[in-house]
C-alpha cells in the first residue's frame, strides 16, 4: 500500500456522487460511505494512511474518522483475507447450529476465530446478528449472505471459494428468500376469510 493513497478514477467518481447528496456544510455525514469505498479500494481494510485520506477529503479531524472506523464492525483496521467470513453467533443462529459452522470453518480454512489463513484466502470472525434470523444459521462472506446452512452446505460453500468459484448466495436449502418451508398454514382456504363482514 502506497503512503499516498487516493481514490482511483472509479472510486473518486463514486465519492463525489455520495458527497453531493448531502446539504452544504454537512458533507462530513458521508464519512461512513466514504470509508466503505476506501476500504474496498484498499483491499478490505483501512490502513492509517487511508483513514487520514478520508479525513482530509471530508475536512474532518483524523480522530473523528478513526472513531467511526473503530466503532463499526464492518470496518477492518487490520488486513483480512480475500474471503472475509463472518459467522453469526446470535441466539437464532446458535440454536440452529452455528457451533457446527465454526468447526467447519476451522477445518476447511485452517483459521481459528480472528485469524487469517496462511495463504491469505480466508479470515474468520464471529459477529452479532446479521439480520437474517429466519434463515438461521447463516454467515456473511464479503458482501454476500449464505443462509439455511448445515455443516455440509457450509463446507461446500467454503470449498467452492477455495477453488476460486463464487457459490450462489442466499438460502442454501433451495427456498426463496425467507418463505416458509412446507405447506402454508395461514391465509389458506376457509380460514383465510374468517372475520370478513364482522
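The values are calculated or read from the model by the stated rules, or taken from the named source; none is laboratory data. This is a predicted model, so every value here is computed, not measured. Backbone-built Cβ (ideal geometry, glycine too); neighbour counts: all protein chains shown.
Observations on the model:
- Cβ pairs under 9 Å, 6+ apart, first in the range 4-28 and in contact (Cβ under 8 Å) with a residue 40 or more places away in the chain, second part of a loop (DSSP other than H, G, I, E, B): 5/42; 5/47; 15/7
- All of 37, 87 fail the test of being assigned by TED's automatic domain parsing to the domain that holds residue 128, under 24 Å from residue 169 (Cβ atoms) and at pLDDT 95 or above, apart from 87.
- Hey, residue 161 modelled with pLDDT of 95 or more and surrounded by 15 or more Cβ atoms within 10 Å (Cβ to Cβ) or not: yes
- Given (1) out of contact with any strand residue (DSSP E or B) (no Cβ under 9 Å at 6 or more places or on another chain); (2) over 16 Å from residue 98 (Cβ atoms); (3) surrounded by fewer than 15 Cβ atoms within 10 Å (Cβ to Cβ), index of the condition residue 156 fails: (3)
Matching residues to (1) surrounded by 18 or more Cβ atoms within 10 Å (Cβ to Cβ); (2) at pLDDT 80 or above; (3) outside any strand (DSSP E or B):
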residue	(1), (2), (3)
140	yes, yes, no
166	no, yes, yes
176	no, yes, yes
184	no, no, yes
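- Residue in the range 96-112 that is surrounded by fewer than 17 Cβ atoms within 10 Å (Cβ to Cβ), under 22 Å from residue 158 (Cβ atoms), in contact (Cβ under 8 Å) with a residue 24 or more places away in the chain and touching a strand residue (DSSP E or B) at 6+ places or on another chain (Cβ under 8 Å) present: no
- Every condition in (1) touching a strand residue (DSSP E or B) at 6+ places or on another chain (Cβ under 8 Å); (2) loosely packed, with under 14 Cβ neighbours inside 10 Å holds for residue 83 except the one numbered (2).
- The set of residues in the range 80-95 being assigned to a loop (DSSP other than H, G, I, E, B) and in contact (Cβ under 8 Å) with a residue 40 or more places away in the chain consists of 80, 81, 82, 90.
- When residue 73 is tested against (1) part of a loop (DSSP other than H, G, I, E, B); (2) in contact with a helix residue (DSSP H, G or I) (Cβ under 7 Å, 6 or more places away or on another chain); (3) within 22 Å of residue 124 (Cα to Cα), just one condition goes unmet, and that condition is (2).
- Filtered by the rule that a residue be in a loop (DSSP other than H, G, I, E, B) and surrounded by 13 or more Cβ atoms within 10 Å (Cβ to Cβ), the range 121-136 gives 121, 129, 130, 132, 136.
- Residue match in the range 54-70 (condition: modelled with pLDDT of 95 or more, out of contact with any helix residue (DSSP H, G or I) (no Cβ under 8 Å at 6 or more places or on another chain), outside any helix (DSSP H, G or I) and surrounded by 12 or more Cβ atoms within 10 Å (Cβ to Cβ)): no
- Qualifying residue in the range 70-79 (condition: at positive phi and not assigned by TED's automatic domain parsing to the domain that holds residue 145): no
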